[in-house]
Amino acid sequence: MVYTIHGWSFNKDVWVKTPFANASHLELPGHGNSLLQITDILEVAREFGKNMENGSTIVGWSMGASIAVLIATSFPEKIEKLVLYSPTPLFCGLSQSEIICKRFLKKLNRNFEATVNWFRRECGFSGIYPLPCKDKAIGLLESYMELDLRNVLPNISVKTDIFVGLKDEVTKLSGAFSCFSLLPFSSIKIYPDKFHFLF
């Protein structure tokens, strides 16, 4: 079974024109049609992982890539492969400075819609997309900004494919390379003309 997990402020529709269009799509709390009320990223990973089948592949993008890693850590017997798009082991403190993270959260609280649309443009996305639920999206992002995967990545023993855009200014090339260097069974592919939004 193949499962997908999209990135923050988007939903399962990011996978429509990808090889994973027919996978089982998991949506973040407050995004798309998700019914999850939790915003703690560790709890989200446990909720997603507990119903997965053995021998599964998880395809995660951005925040979804981090959740995929957490699932592989909590349910190693269920996961056969990881496919990580634009991953980072530490968003706030490696990919982005702590000051930028705090400023972004303040902007979200002041003007959620405008800030989300600005973020999507920074991702390299052009188009119209439904807004996530403000409270859940902010709560989830705050939890993500506290997440540090550097100690758990070396313990993951499944094959992992990493994909990143050279022009990614969100999780950045450094985030993907850090994951690549820490994951024992990983490969990496760089798209020279792509941004954070690789689809």
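No lab work stands behind these numbers, since they all come straight from the coordinates. This structure is a prediction, so every number in the text was calculated from the model and none was measured. Neighbour counts run over all protein chains shown; Cβ positions are idealised from the backbone, glycine included.
Expressed as a rounded percentage, what relative contact order does the chain have, with Cα pairs under 8 Å and six or more residues apart?
Details: 415 pairs, mean separation 47.0, N = 199.
Rounded, it is 24 percent for the chain.
Evaluate the relative contact order of the range 1-61 (contact order divided by residue number), counting alpha-carbon pairs under 8 angstrom at least 6 apart; express in whole percent.
Numbers: 79 pairs, mean separation 26.8, N = 61.
Once divided by the residue count of the range 1-61, the mean separation gives 44 percent.
Can you compute the modelled spin-label distance between Asp40 and Asn155, with each label point 7 Å from Cα toward Cβ, in nm?
1.8 nm
What percent of all Cα-Cα pairs in the chain falls in each 5 Å bin, counting up from 0?
Reading upward from the zero bin: 1, 8, 17, 23, 23, 17, 8, 3, 0.
For the range 71-199, what proportion of DSSP beta bridges, expressed in % and rounded to the nearest 5, is antiparallel? Walk me through the numbers on the way to the answer.
Details: 0 of 12 bridges.
Taking every DSSP beta bridge within the range 71-199, about 0 percent pair in antiparallel fashion.
At Lys102 and Asp148, where each label point lies 7 Å from the Cα along Cα→Cβ, what is the point-to-point distance in nanometres?
Result for the modelled spin labels: 1.7 nm.
Mind checking the full-extension length gain between Tyr129 and Ser74? Use 0.36 nm per residue of separation minus the Cα-Cα distance, one decimal, nm.
Values: separation 55, 0.36 × 55 = 19.80 nm, distance 3.19 nm.
The span from Tyr129 to Ser74 would gain 16.6 nm if fully extended.
Assuming a ≥ b ≥ c are the square roots of the Cα gyration tensor eigenvalues, decide whether the range 129-195 counts as rounded (a/c under 1.5), prolate (otherwise, with a/b larger than b/c) or oblate.
Verdict is oblate for the range 129-195.
Once you list every other residue whose beta carbon is under 12 Å from the beta carbon of Ser34, what net charge do they have if Lys and Arg are +1 and Asp and Glu are -1? Before the final figure, lay out the partial values.
Values: positive: Lys12, Lys136; negative: Glu27, Glu47.
Neighbour charge sum, excluding Ser34 itself: 0.
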